[in-house]
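Read through the structure below, which is laid out as structure tokens, and then see the notes.
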Amino acid sequence: MITFCNIKPYCVRTSFTLSPFSFKHTLQMARSALDEVSDSGSFIRTASTFRNFISRDPSSQFPAESGRYHLYISYACPWASRCLAFVKIKGLEKAITFTSVKPIWEKTKDGDEHRGWVFPATNSEEPGAGPDPLNGAKSIRELYELASTNYSGKFTVPVLWDKKMKTIVNNESSEIIRMLNTEFNDIAQKPALDLYPADLRDQIDETNKWIYYGINNGVYKCGFATKQEPYDKAVKQLYDDLDKCEAILDKQRYICGNRLTEADIRLFVTLIRFDEVYAVHFKCNKKLLREYPNLFNYMKDIYQISGMSSTVNMQHIKRHYYGSHPTINPYGIIPRGPDIDYSFPHDREKFSA
């Protein structure tokens with residue numbers, strides 16, 4: 001067990017456990033996704049590290065309070081975007097503020113070759129992004145170093161920041177969305193909306209597992225593979241699971257039935273990037289998403305939920321992927337298309353609520 005402790009004005013214990021491989025890999029190499037490739041040529045994502053929880057219990061270390069927490073995101077990042085989606089669809093915009101970084105990775109520190117998420121210097125420099133309003137940080141890396149003076153892992157988004165304690169509460173998106181779903185219901189505009197209902201939790205958990213393995217993380221295993229065999233394995237799994245989704249959605253409106261759940265948001269953030277980025281940049285071109293009738297209409301259905309479209313900034317998405325991975329796209333050229341309009345009608349209302 002390792003404990004990070006910020007020795008700034010406030011000291012907050014942040015505990016986490018890493019597997020032997022993750023521990024070794026994180027300390028020695030991985031400061032971004034580009035570093036997470038094994039000797040076999042396979043992409044292996046390391047674990048998130050800050051894993052504290054916000055609670056509706058007012059006596060907890062991190063109580064759910066309006067205005068106390070800030071979410072740092074990138075519109076380009078699917079993991080961060082699903083957190084922003086929960087803020088929007090739960091009606092938490094007034095309770096939890098957020099800031100987006102610039103889409104293209106840049107150097108995060110003078111004298112260091114690391115490239116990662118940085119903030120624009122002004123509000124006008126990068127449409128959709130803004131300077132850090134809380135700490136004046138120049139990069140997400142600086143936030144991690146403020147929260148822990150001995151941090152040695154990746155500098156990722158999302159970052160859920162506590163303004164009062166001046167530290168990172170959590171940087172694991174799957175846990176952040178659970179907090180947003182339940183712990184802020186006393187101040188959410190849509191407290192009755194439960195995206196992780198008790199009667200569907202086992203099904204949601206099981207669905208999340210195979211969707212994460214084959215699709216959410218699967219596109220990265222395709223894109224960052226450096227040898228043919230791991231790519232072939234990943235792309236087969238990806239399309240097996242996309243076919244599975246297509247079959248499920250032929251019988252019901254959403255992936256776990258006829259109710260919207262967190263599994264839909266987790267799936268959507270990958271699907272919305274598929275034809276615009278993953279099909280080209282990550283070599284996921286066996287079949288486009290718009291060639292799947294059910295999945296394509298499903299994407300439009302989710303996109304048209306109130307608040308969801310504002311979480312999709314395709315300019316940021318495309319500029320990030322095509323501009324931040326020089327080993328994949330050395331010239332940083334951004335494809336012009338396909339410019340899909342997800343506001344067109346869909347057919348998902350045919351399923352009963």
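Numerical summary
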| quantity | calculated |
| --- | --- |
| Restricting segment 41-77 to residues that are among the hydrophobic types (A, V, I, L, M, F, W, C) and modelled with pLDDT of 95 or more, the residue that is surrounded by the most Cβ atoms within 10 Å (Cβ to Cβ) | 76 |
| Whichever residue in segment 104-122 is hydrophobic (A, V, I, L, M, F, W, C) and either in a loop (DSSP other than H, G, I, E, B) or under 17 Å from residue 169 (Cα atoms) (or both) and, among such residues, is most open to solvent (accessible area, probe 1.4 Å) | 121 |
| All helices (runs of 4 or more DSSP H) inside segment 192-248 with 3 or more residues being farther than 29 Å from residue 92 by Cβ | 218-223, 228-248 |
| Complete set of residues in segment 123-167 that are out of contact with any strand residue (DSSP E or B) (no Cβ under 8 Å at 6 or more places or on another chain), over 20 Å from residue 68 (Cβ atoms) and open to solvent by less than 30 Å² (accessible area, probe 1.4 Å) | 126, 153, 154 |
| Contacts under 7 angstrom Cβ, first residue in segment 109-137 being among the hydroxyl-bearing types (Ser, Thr, Tyr), partner part of a loop (DSSP other than H, G, I, E, B) and open to solvent by 30 Å² or more (accessible area, probe 1.4 Å), 6 or more apart | 122/131 |
| Matching residues, segment 78-103, being open to solvent by 10 Å² or more (accessible area, probe 1.4 Å) and in contact with a Phe, Trp or Tyr (Cβ under 9 Å, 6 or more places away or on another chain) | 97, 98, 99, 102 |
| Failed condition for residue 174, given (1) open to solvent by less than 40 Å² (accessible area, probe 1.4 Å); (2) part of a loop (DSSP other than H, G, I, E, B); (3) under 30 Å from residue 260 (Cα atoms) | (2) |
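The values are calculated or read from the model by the stated rules, or taken from the named source; none is laboratory data. Just so you know, these numbers come straight off a predicted model, no measurement behind them. Glycine also receives a Cβ, built like all others from the backbone with ideal geometry; neighbour counts cover every protein chain displayed. Each accessible area value is taken on the protein alone, full model and side chains, heavy atoms only, with ligands, DNA and RNA left out. Shrake-Rupley method; radii C 1.70, N 1.55, O 1.52, S 1.80 Å.
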